[in-house]
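J.: Supplied in structure tokens, the structure appears directly below.
Bear in mind that the values in this text are calculations on the coordinates, not laboratory data. These numbers come from a predicted model, not from an experiment. With ideal geometry, Cβ positions are generated from the backbone for all residues, glycine too; neighbour counts draw on all protein chains shown.
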Amino acid sequence: MGEKKKIVRVSGVTKNFDLGRIVVEVLKGIDLEIEAGNYISIMGPSGSGKSTLFNMIGGLDKPTAGKVFIDEVDVAQLDAYELAWLRCRKIGYIFQTFNLIPVMTALENITIPMTFAGVGDDEAVRRGMALLDQVGLGGRHGHRPAELSGGQQQRVAVARALANSPAIILADEPTGNLDLATGEDIIRLLKELSSTNGVTVISATHDYKMLNVSDQVVWIRDGRVDKIQQREELDITTGGLSSNH
Amino acid sequence: MRRLVIVPFRKSLQMAWQSLRVRFFRSLVTTMSLVLAVAFLSFIQTGSDIAGGLLAGDGATYQQLLLQAGYDLSTDGNSIGGSAKQRWIVFLSLLVCVVGIINAQLMSVSERFREIGTLKCLGALDRFIVRIFVIEAALQGLAGAVTGALFGALAAILAALVRFGLAAAAHLPWPEIGTTILAAVAIGTLLSLLGVLYPALVAARMEPVEAMRVEQ
């Protein structure tokens with residue numbers, strides 16, 4: 001079997017934030033390659049540049065220098081339409097705060113990305129229902145976010161991220177606003193989707209529960225990649241999912 | 001790379017309508033200043049339409065009554081002279097109303113920052129965001145302006161009947177009143193659209209990365 005496809009390639013990326021009188025160097029030269037189908041966790045303390053790197057990979061921010069390739073496309077070269085296309089079709093976003101549209105039902109939330117992608121109504125509803133079933137929320141399609149628990153909202157968000165069968169799911173602290181058990185559920189769901197659908201999951205996190213399911217952990221410290229650990233090198237002593245019984 | 005499909009208008013309309021319906025009281029407050037301003041405009045304009053109708057219908061009887069009621073008649077006493085003061089007050093009330101709408105819509109944009117950022121992450125184009133806000137404002141504007149115009153005209157007619165007696169009903173100039181109501185509705189809707197332009201641009205220019213921020 002040949003080498004796996006590199007779905008994300010980050011090369012020599014630096015990012016400065018100009019605060020007027022001072023310029024803050026947040027990323028100081030990051031090189032990173034992510035293989036398709038893997039489950040990646042980006043770990044690092046607050047202020048390490050983790051979120052900034054994460055936003056770059058998601059095409060939400062542009063680097064000061066260096067290049068970010070998503071599926072071999074240079075993100076910096078894209079115009080507004082192409083960026084929207086990329087966000088719609090290639091990437092599914094999951095947020096710490098769920099970010100469901102409060103005025104819409106669970107099903108409607110899931111079908112918005114499909115509408116943006118030009119999928120017809122009937123087809124969108126059919127796929128939306130299937131996705132709700134897949135995340136274990138069949139029958140809750142008519143509920144608004146306010147009528148769902150945090151874990152259920154995050155499940156809807158996961159289904160929404162999968163709406164257009166993206167190649168990458170970006171999850172920013174997906175368990176940050178959830179309790180321990182619910183957080184584990186979401187992690188397990190993401191892992192399952194990554195292995196069954198072959199989606200690359202990239203998540204920025206503080207949550208050590210994540211480590212156990214990750215194929216690769218990227219440690220960011222002070223704007224640089226500190227180390228990249230493969231699954232087998234991980235020290236699984238942090239509890240959580242490792243003990244299945 | 002392929003271009004994004006443009007979201008059909010019907011779908012945008014549906015989203016805007018849903019957003020208004022769910023936030024009904026919020027939208028009502030935004031619309032209220034428009035209702036009041038348009039009602040005022042409609043009241044003043046219908047009032048002078050009626051005065052004109054009374055003069056044309058039975059000038060001899062009503063000339064004195066109109067003068068007593070405070071209307072400015074033109075020098076020949078056959079038509080209603082428009083008062084500059086009145087025009088200014090109407091103009092000012094509309095101006096205040098637009099500022100009120102801008103204020104309310106800006107509030108609504110900042111309340112929905114995360115929602116807008118999320119939509120952009122999901123692949124919405126700037127113009128879709130603008131469109132949603134403009135459609136919402138158009139719906140609000142139309143509803144508010146129709147309510148205000150009818151309310152103002154009705155109040156003006158009732159006031160005229162009370163002041164000049166029921167006999168005045170025979171001289172009510174219906175075509176002019178109708179035109180006034182239509183004009184007031186048009187002006188109201190236009191003001192609502194005018195008021196939403198800047199807030200909608202603010203919303204559309206927002207970076208999707210805002211949706212990622214935890215603190216609201």
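J.: Work out the FRET efficiency for A:D133 and B:R10 from their Cβ-Cβ distance, taking R0 = 35 Å, and round it to the nearest 0.05.
T.: It comes out at approximately 0.80.
J.: Largest first and to the nearest Å, give the Cα extent of chain B along each principal axis.
T.: Principal extents (Cα only, largest first): 77, 29, 29 Å.
J.: Pairs of alpha-carbon atoms within less than 8 angstrom and 6+ residues apart define the contacts here; what relative contact order does segment B:95-216 have, in percent?
T.: So the answer I get is 56 percent.
J.: Please compute the net charge surrounding A:G151, taking Lys and Arg as +1 and Asp and Glu as -1 over other residues with Cβ under 9 Å from its Cβ. Write out the running numbers ahead of the final one.
T.: Details: positive: A:R155; negative: A:D179, A:D185.
Here the count lands on -1.
J.: Quote to one decimal, in nm, the extra length available between A:R231 and A:R188 on full extension: 0.36 nm per residue of separation minus the C-alpha distance between them.
T.: 13.9 nm
J.: Sticking with this structure for a sec: With a 10 Å Cβ neighbour count serving as the proxy for reagent exposure, in which order, fewest first, do A:D172, A:D121 appear?
T.: Ranked by crowding around the Cβ, least crowded first: A:D121, A:D172.
J.: Now for a different question. State, to one decimal in nm, how far the label point of A:A36 lies from the label point of B:R87, with both points 7 Å from Cα in the Cβ direction.
T.: Placing both labels 7 Å beyond Cα along the Cβ direction yields 7.1 nm.
J.: Same structure again: As an exercise, use a Förster radius of 51 Å and the Cβ-Cβ distance of B:R205 and B:Q64 to find the FRET efficiency, rounded to the nearest 0.05.
T.: Once rounded, the FRET efficiency stands at 0.25.
J.: So, one more: From the P(r) of the protein assembly as shown, can you give the percent of Cα pairs sitting at distances over 29 Å?
T.: So the portion of pairs separated by more than 29 Å is 57 percent.
J.: Still on this model: Arrange the following residues from fewest to most other Cβ atoms within 10 Å of their Cβ: A:K191, A:K5, B:K120.
T.: A:K5, A:K191, B:K120
J.: Follow-up. Using the 10 angstrom Cβ neighbour count as an exposure proxy, how do B:R87, A:R221 rank, fewest first?
T.: By the 10 Å Cβ count, ascending: B:R87, A:R221.
J.: For segment A:3-26 and segment B:86-164, compute the distance between their C-alpha centroids and round to whole Å.
T.: 43
J.: Rounded to the nearest 10 degrees, what's the angle between the helix A:180-197 long axis and the longest principal axis of chain A, both from Cα atoms, 0 to 90?
T.: Rounded to the nearest ten degrees, it is 90.
J.: In addition: Based on DSSP H runs of at least 4 residues, each adding -39500 (n - 2.57), what is the mean residue ellipticity at 222 nm of chain A after dividing by all its residues, to the nearest 500 deg cm²/dmol?
T.: The per-residue figure over chain A is -9500 deg cm²/dmol.
J.: Once you average over the residues of B:168-178, how many Cβ atoms of partner chains fall within 10 Å of each Cβ?
T.: Taking all residues of B:168-178 together, the mean is 0.
J.: Helix B:84-111 versus the longest principal axis of chain B: what is the Cα-based angle in degrees, 0 to 90, to the nearest 10?
T.: 20
J.: Also, I was wondering about something else. Could you let me know the centre-to-centre spacing of segment B:174-195 and segment A:169-193, using Cα atoms, in angstrom?
T.: Here the answer is 53 Å between Cα centres.
J.: Same structure again: Treating the beta-carbon of each Lys and Arg as +1 and of each Asp and Glu as -1, no other charges, what is the dipole magnitude of segment A:136-245 about its Cα centre, to the nearest 20 debye?
T.: 340
J.: Okay, next question. Based on the Kirkwood radius over alpha-carbon pairs, what value in µm²/s does the Stokes-Einstein equation return for the translational diffusion coefficient of segment A:66-174 at 4 °C and 1.567 mPa s?
T.: On the way: Rh = 14.3 Å.
Result for D is 90 µm²/s.
J.: Once R0 is set to 35 Å, what does the formula 1/(1 + (r/R0)^6) return for the Cβ-Cβ distance between B:D126 and A:F17, expressed as a FRET efficiency to the nearest 0.05?
T.: 0.90
J.: Quick one: dipole size for the protein assembly as shown, taken about the Cα centre, charges +1 on Lys/Arg Cβ and -1 on Asp/Glu Cβ, in debye to the nearest 20.
T.: 220
J.: OK, next. Angle, helix A:80-89 long axis vs. longest principal axis of chain A, Cα atoms, 0 to 90°, nearest 10?
T.: The helix A:80-89 is inclined about 60 degrees to chain A.
J.: Peptide A:91-104: average number of partner chain Cβ atoms within 10 Å per residue?
T.: Rounded to a whole number, the mean comes out at 5.
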